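Structure, as structure tokens:
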Amino acid sequence: MVGAAMRTVEIAPTFEGWQAAARTLLREGVPPADVRWREIATGQQPSLIAEPVTPAPGAVRVPRQFLDIARLAASASDPARWQVLYEILWRLLHENHDLLKTDADPGVRRLNALAKREGEGAAPFVPPGAGLAELRAAAARCTGCELYRHATQTVFGRGPADARIVLVGEQPGDQEDLKGAPFVGPAGGVFDRALTEVGLDRERLYVTNVVKHFKFVERGKRRIHQTPRMSELTACRPWLEAELAAIKPGVLVCLGATAAHAIFGPDFRLMQDRGRFAATRWAPRTIATLHPSAVLRGEDEAQQARLYGILLEDLRLVAGV
Ligand code: SF4
């Protein structure tokens with residue numbers, strides 16, 4: 001039986017249609033249990049028209065991640081999706097701002113199933129033939145694998161579109177995740193020092209990673225890097241392909257084993273095969289060297305110096321091209 005307070009809300013069956021109605025319902029404090037959603041044909045007048053909303057100072061903010069998932073869920077065909085979306089939105093604002101991290105929650109699971117966003121990889125998010133700026137904007141909304149869920153943001157490549165040299169690492173680290181730029185943490189410090197020593201101007205290089213979201217486990221207050229799985233590497237691959245297609249570099253440098261395997265294949269042995277140019281379909285001169293973080297992981301100063309020397313040696317070859 002429908003309670004006295006039940007509201008039937010008619011919406012155009014689009015994310016924007018739902019969003020406009022949801023804003024009005026939230027403003028009026030209508031709980032999800034009191035709403036029945038009804039889809040109307042596009043062009044018909046919806047029952048609730050929201051005024052344009054300017055967030056009030058201090059207003060509760062909906063996590064960006066929710067908006068990304070909600071957009072995907074809105075394109076599903078299940079008529080219950082509007083209710084699911086509003087329930088989750090309500091709970092995010094009234095119960096738990098971190099609700100989406102609770103994978104076991106039935107509502108979150110339902111939402112994720114509607115969005116069907118995991119396991120599809122980045123391909124549906126990559127605009128075909130796009131330039132770097134458009135790719136970067138699209139990558140910010142990528143939910144092609146589960147890594148976006150716990151990371152702060154997508155860390156897309158940085159550098160000029162006409163860069164002659166592209167360098168590819170594995171994935172962003174803790175600092176990169178927070179700042180939204182690649183190679184800006186401790187490994188980035190080693191990287192910058194090495195570039196300066198060999199005379200490469202970072203401003204003229206394009207620097208990116210095979211995987212665009214930070215993968216980590218939490219240990220106390222620290223976030224410890226985890227190596228991405230093959231499924232995550234595969235999922236994220238379309239972004240790297242699109243970056244390389246847009247830039248068409250003359251020289252491609254793989255930093256570390258993950259990048260080297262992504263470009264040269266699984267049989268590549270970094271310490272044996274590094275420091276030699278080969279032609280690949282991405283660049284006429286492709287080479288691999290150590291990841292700068294490997295230098296930091298050296299057991300003692302002597303080993304760190306030796307590893308740094310290897311990195312310099314290989315980057316000198318790149319600078320000499
Ligand atoms: S890691 Fe790559 S594929 Fe996965 S969500 Fe991030 S950008 Fe998308």
- Does region 232-247 include one or more residues that are over 24 Å from the mean Cα position of the chain (by Cα) and not hydrophobic (A, V, I, L, M, F, W, C)? no
- Check region 236-248 and report whether any residue there is closer than 20 Å to Leu315 by Cα and not β-branched (Val, Ile, Thr). yes
- Condition check for Arg276: assigned by TED's automatic domain parsing to the domain that holds Leu178, free of Cβ contacts under 8 Å to residues at least 24 places away in the same chain, among the charged types (D, E, K, R) and touching a strand residue (DSSP E or B) at 6+ places or on another chain (Cβ under 9 Å): yes
- Item | Selection from region 98-118 of residues that are over 21 Å from Cys142 (Cα atoms) and surrounded by 13 or more Cβ atoms within 10 Å (Cβ to Cβ) | Asp105, Gly107
- Which one of these does Thr208 not meet: (1) within 16 Å of the ligand (Cβ to nearest atom); (2) at pLDDT below 95; (3) part of a strand (DSSP E or B)? (2)
- Message: Quick check on region 113-132. Is at least one of its residues farther than 22 Å from Leu307 by Cα, modelled with pLDDT of 95 or more and of a type in the set (Lys, Arg)?
- Response: no
- Item | Single residue of Leu255, Leu240 found to be of a type outside the set (Ser, Thr, Tyr), within 15 Å of Thr289 (Cα to Cα) and crowded, with 22+ Cβ neighbours inside 10 Å | Leu255
- Hey, which of the helices (runs of 4 or more DSSP H) in region 72-182, taking only ones fully inside, have at least 2 residues that are away from the ligand (no atom under 16 Å from the Cβ)? 81-94, 106-115, 174-179
- Task: Take Glu232 and decide whether it is in contact with a Cys (Cβ under 7 Å, 6 or more places away or on another chain) and surrounded by 20 or more Cβ atoms within 10 Å (Cβ to Cβ).
- Result: yes
- Please work out if Ala235 is more than 16 Å from the ligand (Cβ to nearest atom) and touching a residue at least 24 places away in the same chain (Cβ under 8 Å). no
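The values are calculated or read from the model by the stated rules, or taken from the named source; none is laboratory data. Quick caveat, the model's predicted, so the values are computed rather than measured. A quick note on method: Cβ atoms are made from the backbone with ideal geometry, for glycine too, and the neighbour counts reach across all protein chains shown.
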